[in-house]
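The values are calculated or read from the model by the stated rules, or taken from the named source; none is laboratory data. Remember, predicted model here, so these are calculated numbers, not experimental data. Heads up, the Cβs are rebuilt from the backbone with ideal geometry, glycines too, and the neighbour counts pull from every protein chain shown.
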Amino acid sequence: MGETADPRIQIRPFADRRDCERMVDYFLNADKAFLEGMGVDPGKLPPRREWIESALLDLERPAHEKDRYYLAWIYDGTPVGHASINRIKVGEEAFIHLHLWVKDLRKAGLGTQFFAASAVEFMRAFRLKRLFCEPYAENPAPNRVVLKAGFRFVKRYRTTPGPLNFEQDVNQYVRENPEALAG
């Protein structure tokens, strides 16, 4: 699943506790400046155990009941990041998020490849007509990745995007699935 042009790059659904632990630890082990740079309020991060248990519960739910769905990003056999969707309306739309955990792999074009493959997989798995992404407007890296992955800019607006974020300006992007829109 999730093959790309580069055989070292693969994506797959989160499968177990270890996947959830890696994702949670990425956030909890990040320094304050990094978190704030991506629009996250460090004071709003839940306790590790509670966060992992919540993610595990979501893994077990059927697609139409999931709060969030995760794809692991694998590079040369090693998990290096993840994409997720939330606000899922199966057959309609969802909101996608992207995180490359390994600093040394950033700025090499890998995030764009992982993100583009993840968008295709989410659209297929949930029969989505459209996929939205709303990165923090002041964080240039994900804004570049989203555009390179075939999303188009919709608008910029001020909001608190989620329970872990502070109020901020976000750029909203959308990628539409022509096959799903036609059907």
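For the range 102-140, how many residues are under 16 Å from G37 (Cα atoms) and crowded, with 16+ Cβ neighbours inside 10 Å? Looking only at that region, the number is 5. When you look at E53, is it under 13 Å from R175 (Cβ atoms) and at pLDDT 95 or above, yes or no? No, not satisfied. Going through the range 97-115 one residue at a time, which ones are without any contact (Cβ under 8 Å) to a residue 40 or more places away in the chain, in contact with a Ser or Thr (Cβ under 9 Å, 6 or more places away or on another chain) and outside any loop (DSSP other than H, G, I, E, B)? Scanning the range 97-115 gives a single hit, H97.
E138 satisfies every condition listed in (1) under 10 Å from the mean Cα position of the chain (by Cα); (2) closer than 30 Å to R158 by Cβ except (1). Against the definition (of a type in the set (A, V, I, L, M, F, W, C), out of contact with any strand residue (DSSP E or B) (no Cβ under 8 Å at 6 or more places or on another chain) and not in a strand (DSSP E or B)), how does A55 come out, yes or no? Here the answer is no, as A55 does not meet what is asked. Of R17, R22, R48, all but one fail to be at pLDDT 95 or above, in contact with a Pro (Cβ under 8 Å, 6 or more places away or on another chain) and not aromatic (F, W, Y); the exception is R22.
Residues considered: D41, D76, D19. Of these, the only one that is of a type in the set (D, E) and either within 15 Å of the chain's Cα centre (by Cα) or crowded, with 19+ Cβ neighbours inside 10 Å (or both) is D19. For first residues located in the range 144-159 and under 18 Å from R130 (Cβ atoms), partners that are of a type in the set (K, R) and part of a strand (DSSP E or B) and lie 6+ apart or on another chain with Cβ distances below 8 Å form the pairs A149/R175; G150/R175; F151/R175; R152/R175.
All of R124, R87 fail the test of being out of contact with any Lys or Arg (no Cβ under 7 Å at 6 or more places or on another chain) and either more than 26 Å from L28 (Cα to Cα) or in a loop (DSSP other than H, G, I, E, B) (or both), apart from R124. Candidates L110, L105, L128: the one that is over 15 Å from the mean Cα position of the chain (by Cα) and modelled with pLDDT under 95 is L105.
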